[in-house]
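Everything below concerns the one structure shown next.
Where a number appears in this text, it was derived from the coordinates with a stated rule and is not lab data. Worth saying up front: this structure is predicted, and the values here are computed from it rather than measured. Glycine also receives a Cβ, built like all others from the backbone with ideal geometry; neighbour counts cover every protein chain displayed.
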Amino acid sequence: MDRQNWLIGQKKKDLLRQLTPITRSARGRLLLQGHDHSPLHDFSSNDYLGLSLHPDLIAQSHAFLDLAGCGAGAARLMSGDLAMYHLLEKEVAELKGQEAALLFGSGYMANCGVIPALTGRNDVIFCDRLNHASIYDGCTLSRAKLVRFRHNDMDHLEKLLRTQRGRGEALIVVESLYSMDGDRCPLREVVRLKEKFNCLLMVDEAHATGVFGDNGGGVSEEDGVASRIDIAMGTFGKALGSYGAYVAGSQSMMDYLVNRARTFIYSTGLPPAVIGASLAAIRIVRRQPELRLDLFEKVAVFKSALRAGGLTGLGPSQIVPVVAGESGRAVKIARALRDQGVFVTAVRPPTVPQGTARLRFSVTRHLSKETVAQAAALLISALRLH
């Protein structure tokens, strides 16, 4: 491949990805390095509850750093199995309504480790078409037969299960909250189908953990199906304000993954400071449901202002995608908003399907009601101009 010409081609098609160095400020604001901008309001963050700057997370992170140093020093199956990992895993299991949990270095590593551990050449995976790239990469690594069903279409999933279930292991993989569309999976119906057809069910709750459920356990808790899910996966790097990931399930399932998930076996354990922050975050989301209420009050203000401007179909979550269509238009609108103090990312193919490039707005507790209302007004104006 001629790499330089490929890059030029991507730029001409408004598909070239580029890094944007920033400095984070308080209250959901950021500064762009090398640009003459005032602080921008950040609508691209996944720090939904604003916990990454919470004093309890920072204090606990410092405490664990002082206690155990900067790194684990080894993979957990060598000499890196710090006692604090087991403490966090216990708290995660309780949050997810499961028997046990296991930590991973990131959500990507969790999906790429767990899926190949559970399925192989003689098995089949039923995968929602809009699942995250890390899920698809995990499916590829497994070498199992991949069967994709239409997004959130339970009739299509049932038809495929009936005709392609096979005799080997069958795994259904969904996200409880889809990161580019902001819509929820009909988890109760997925659980019904997995039980009817004797499948394993893996649910990625990366964007739902901490945000949904009475205790912050995610959509699975809110829908009352947590105990019927075989593998509950989620991350600490979004609403929990830290870094890393987990999977939760039965003790025997976790024991199996310790022996089979290569991304766990061959990775150094997470840094102690990260463990401290994650522990503090879980305790906060379980004890302070008012954080979720505050977030969704701001989400309601944002969506109300967008509806007043003529936008509809805004979904049930804190993720609000606004489809622009072509990539060039999405980039122009993002730049126009940036010039007016709103930082939002244009999401383009291949992350989303062709012709559906979008502005992915993410509402967080960092932002005030006045800020989200003003951003909505600026967006409506930009859509009309571009």
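How large is the dipole of the stretch 230-386 about the Cα centre if only Lys and Arg carry +1 and Asp and Glu carry -1, each at its Cβ, rounded to the nearest 20 debye?
That gives the stretch 230-386 a dipole magnitude of about 300 debye.
Among rounded, prolate and oblate, which fits the stretch 33-90 when a ≥ b ≥ c are the square roots of the eigenvalues of its C-alpha gyration tensor, a/c under 1.5 means rounded, and a/b larger than b/c means prolate?
Prolate, because a/c is 1.5 or more and a/b exceeds b/c.
Tell me the label-point distance for the pair residue 137, residue 94, using the 7 Å Cα-to-Cβ offset, in nm and rounded to one decimal.
The two pseudo-label positions are separated by 3.4 nm.
Over 29 Å between Cα atoms, which of 332/369; 145/196; 96/298; 196/303; 11/369; 12/238 qualify?
196/303; 11/369; 12/238
Of all DSSP beta bridges in the chain, what percent run antiparallel (nearest 5)?
In the chain, DSSP labels about 55 percent of beta bridges as antiparallel.
Along the charge dipole of the chain, pointing to its positive end and built from +1/-1 on Cβ of Lys, Arg, Asp and Glu, which listed residue (185, 310, 139) has its Cα farthest out?
With unit charges placed on the Cβ atoms, the residue in question is 310.
Quick one: which residues, 5 or more positions from residue 345 or on another chain, have an amide H under 5 Å from its amide H? H modelled 1.01 Å from N in the peptide plane, none for Pro or chain starts.
360
How do 332, 90 rank when sorted from fewest to most other Cβ atoms within 10 Å of their own Cβ?
Ranked by crowding around the Cβ, least crowded first: 90, 332.
Could you go through the stretch 93-99 in sequence order and give the Karplus-derived ³J(HN,Hα) for each residue, using 6.51 cos²θ - 1.76 cosθ + 1.60 with θ = phi - 60°, rounded to whole Hz, and x for Gly and Pro?
Going residue by residue, I get 4, 5, 4, 8, x, 10, 6 Hz, with x marking Gly and Pro.
Could you rank the peptides 49-57, 216-224 by their average count of other C-beta atoms within 10 Å per residue, with the highest value first? Don't jump to the answer; show the numbers that get you there.
Working: 49-57: 19.1, 216-224: 23.6.
Ranked by mean Cβ neighbours within 10 Å, highest first: 216-224, 49-57.
What ranking do 107-120, 9-22 get when scored by the average of other Cβ atoms within 10 Å per residue, highest first?
Details: 107-120: 23.9, 9-22: 11.5.
Ranking the peptides 107-120, 9-22 by packing returns 107-120, 9-22.
Suppose every K and R has +1 on its Cβ and every D and E has -1 on its Cβ; what is the size of the dipole of the stretch 284-361 about the Cα centre, in Debye to the nearest 20?
140 debye
If you place +1 on the Cβ of every Lys and Arg, -1 on the Cβ of every Asp and Glu, and leave all else neutral, what size is the dipole of the chain about its Cα centre, to the nearest 20 Debye?
That gives a dipole near 1280 debye.
Find which of 5, 16, 48 sits farthest along the positive direction of the dipole of the stretch 1-52, computed with +1 on the beta-carbon of Lys and Arg, -1 on that of Asp and Glu, about the Cα centre.
5
In the stretch 267-289, which residues have a backbone nitrogen under 12 Å from the label point lying 7 Å from residue 78's Cα in the Cα-to-Cβ direction?
267-269
Could you derive backbone 3J(HN,Hα) for the stretch 60-71 from the dihedral phi with the Karplus parameters 6.51, -1.76 and 1.60 (θ = phi - 60°), listing whole Hz in sequence and x where the residue is Gly or Pro?
Per residue, the Karplus-derived 3J(HN,Hα) values read 5, 5, 4, 4, 6, 5, 5, 6, 10, x, 7, x Hz.
For the chain, what is the mean residue ellipticity at 222 nm derived from helices alone (per DSSP H run of n ≥ 4: -39500 (n - 2.57); sum divided by total residues; nearest 500 deg cm²/dmol)?
Helices in the chain give a 222 nm mean residue ellipticity of -13000 deg cm²/dmol.
Please tell me the relative contact order of the chain in percent, rounded to the nearest whole number, where contacts are Cα pairs under 8 Å and at least six residues apart.
Contact order relative to length: 23 percent.
Across the stretch 105-112, in residue order, what do the Karplus-derived ³J(HN,Hα) couplings come to in whole Hz, using 6.51 cos²θ - 1.76 cosθ + 1.60 with θ = phi - 60° and x for Gly and Pro?
The phi angles translate into x, 6, x, 4, 5, 5, 5, 6 Hz.
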